[in-house]
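The values are calculated or read from the model by the stated rules, or taken from the named source; none is laboratory data. Fair warning: this is a prediction, and the values are worked out from it, not measured in the lab. All Cβ positions, glycine included, derive from the backbone under ideal geometry; neighbour counts span all protein chains shown.
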Amino acid sequence: MLKSFSHRSREVSDAWVLIVDDEPINCLVLEEILADICHTRAVNSGAEAIDACVKNKPDLILMDVMMPDQNGLEICRELKADPELMDIPVIFVTSLTNDDDQDECWNAGGTDFVTKPVNATTVRNRVKTHLAYKLQTDMLMHFTYVDGLTGAYNRRFLDAALPRCYKQARRTGSPFSLIMFDIDYFKKFNDRYGHLIGDDCLKQISATSIDTLKRPTDMFVRYGGEEFLCILPDTDEQGAKHLADELKRAIRVLNIIHEDSNFGHVTVSIGVFTLHQSDSDDTQAILQTVDAALYQAKRSGRNRICVAGQESA
């Protein structure tokens, strides 16, 4: 999942395809076939494929089925089990053509398949078709899950994504954190400068926050009004506190004048929550916990960070 969808419509030529094959010559052939259609990158193993997807999520994967260490079907199943990667379409490239083999491709979560030796025209047309569909789906996702003003994800996205991410963290035992922040004295800001300037302030803070969340797995949500939430998979308390400091600093650097604030410029109060195994399974409960930490930061004087269960800083 991305921190925010792009506001502009993407073309097939903007898209990028990950090619996975243990034979470099096969990768080269596919890269040449697709050279004038989209961007490509090739890797030679399942581990490299997963790593590439996590670091820079592709729009489509062309996957060889028969590979020595981990076959393409296993890699596809691993992708489909990951909430962050499950929506990447996978086209299998295979020399196995009987009905049972084709059923295996579909059952693993494949979107389509092409047979070896590959036909260049077939590969090009199928890639173009699936990329066009993927980009249309992304645009629909934008309208459904993205806040129109700020470019952050909206509450509808939060309701879908948070339970899935939280459940995965509890199942795997991986760290998981939330950051919730609120713009200090924002009602006074709107009253003095007007709602158009207030909207511009929200957009600046959202854009800066999205830039500060550097990992593609981090998610930035407009929780409501001037309140925002960061969903941080694989982030422990120290990492979340460090990121909260970076967010607070980045928003201060914007130097948005606020004459009715005690600080003379726009600031934020921040609450931080990190999952412990004793915590409730209820996502509403953890939202209440991070909201309480935010409230503590505001009650302690604003323009500060409070970690759930600790004193504000």
Complete set of residues in the stretch 140-154 that are of a type outside the set (S, T, N, Q) and surrounded by 14 or more Cβ atoms within 10 Å (Cβ to Cβ): MET141, HIS142, TYR145, VAL146, ASP147, GLY151, ALA152, TYR153
Among (1) modelled with pLDDT of 95 or more; (2) under 24 Å from the mean Cα position of the chain (by Cα), there is one condition LYS134 misses while meeting the rest; what is its number? (1)
Inspect the stretch 195-212 for any residue being outside any helix (DSSP H, G or I) and in contact with a Lys or Arg (Cβ under 9 Å, 6 or more places away or on another chain) and give the result as yes or no. no
Residue list for the stretch 38-65, restricted to those being among the aliphatic types (A, V, I, L, M) and surrounded by fewer than 17 Cβ atoms within 10 Å (Cβ to Cβ): ALA47, VAL54
Is it the case that ASP101 is over 25 Å from ASP234 (Cβ atoms), touching a His at 6+ places or on another chain (Cβ under 9 Å) and not assigned by TED's automatic domain parsing to the domain that holds ALA160? no
I need a count of the residues in the stretch 144-159 that are over 13 Å from the mean Cα position of the chain (by Cα) and either part of a helix (DSSP H, G or I) or among the aliphatic types (A, V, I, L, M) (or both). 5
Being farther than 18 Å from GLU227 by Cβ and exposed (fewer than 14 other Cβ atoms within 10 Å of the Cβ) is the filter here; which residues of the stretch 192-202 pass it? GLY194, LEU196, ILE197
Can you pull out every residue in the stretch 225-241 that is assigned to a strand (DSSP E or B) and either touching a Cys at 6+ places or on another chain (Cβ under 7 Å) or at pLDDT below 95 (or both)? ILE231, PRO233
